[in-house]
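Below: the structure, in C-alpha cells.
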Amino acid sequence: INKDAPRVVVDKSEFTLSYYFGDNLARQYVIAHGQGNNTPEGSTVVDSKDIDPEQAPYASAEQLEMRASWIGFAPIDGRDGFGIHGTRDESSIPGETRRGCVRMYNKDVTELYDWVPLKAKIEIHA
C-alpha cells in the first residue's frame with residue numbers, strides 16, 4: 001500500500017489526466033479541456049466534490065452538461081469555477097470543449113471521484 005499523498009496532473013497537450021501517489025502513477029485517463037487556453041494552468045487543490053451535479057437545485061445551464069461527478073478546484077491562476085466532471089457528450093473526448101473544465105468519460109470520473117480526497121493537489125500543464 002502506497003502511503004504517499006495522492007495528486008492529479010492534467011496534461012492539456014496530451015489530453016490526459018494522471019492520478020499519482022507521490023511519484024508513482026496509479027491511473028491515467030483520456031480527457032477533454034477548454035478551447036484555446038480556457039483551462040487555466042498552474043497548481044491548486046480539490047476544494048469541493050459532488051455527485052450528480054446536474055441534479056443540484058442550484059444547477060446552472062453549464063452544470064446541466066455535467067454528468068456523474070464533480071471534483072471542484074480552489075481558484076487557479078486567479079480564476080474560479082473550474083473542476084473535473086463527466087459529460088452528456090462523451091464523443092467530445094479527447095478534444096477541446098467550450099469552457100475550461102476538465103471533461104472525462106462518466107465511468108472514469110466516477111472512479112476518480114472515489115479516489116481523490118478534498119485538498120488533493122491538482123497540477124495543470126500546457
Looks like region 82-122, by Cα gyration tensor root eigenvalues a ≥ b ≥ c and the a/c under 1.5 rounded cutoff (else prolate when a/b is bigger than b/c, oblate otherwise), is oblate
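Can you put R7, R103, R88 in order of accessible area, largest first, using a 1.4 Å probe? Please report the intermediate quantities before stating the final value.
Details: R7 50, R103 25, R88 145 Å².
Largest to smallest exposure gives the sequence R88, R7, R103.
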Pseudo-spin-label distance D80 to R27, built 7 Å along Cα→Cβ, given in nm, is 2.9 nm
Taking Cα centroids, how far is region 66-119 from region 17-48 in Å?
-> 9 Å
Regarding the chain, what is the average projected area of its C-alpha convex hull, in nm²?
-> 7.1 nm²
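Let's test the formula: R0 of 35 Å, r as the Cβ-Cβ distance of S13 and R88. What FRET efficiency results, to the nearest 0.05? Walk me through the numbers before you get to the answer.
Working: r = 25 Å, r/R0 = 0.72.
Taking R0 as 35 Å, the efficiency between S13 and R88 is 0.85.
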Please find, in a Gaussian network model of the chain (springs between Cα atoms separated by less than 10 Å), the residue of N24, N38, N106 whose mean-square fluctuation is greatest.
-> N24
Relative contact order (%) - criterion: Cα under 8 Å, at least six apart; region: the chain | 33 percent
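The values are calculated or read from the model by the stated rules, or taken from the named source; none is laboratory data. A quick note: this is a predicted structure, and the numbers were derived from the prediction, not measured. Reconstructed Cβ throughout: ideal geometry from the backbone, glycine too, with neighbour counts over all protein chains shown. For the accessible areas, the whole protein counts, side chains as well, though only heavy atoms, and no ligand, DNA or RNA atoms are used. Shrake-Rupley method; radii C 1.70, N 1.55, O 1.52, S 1.80 Å.
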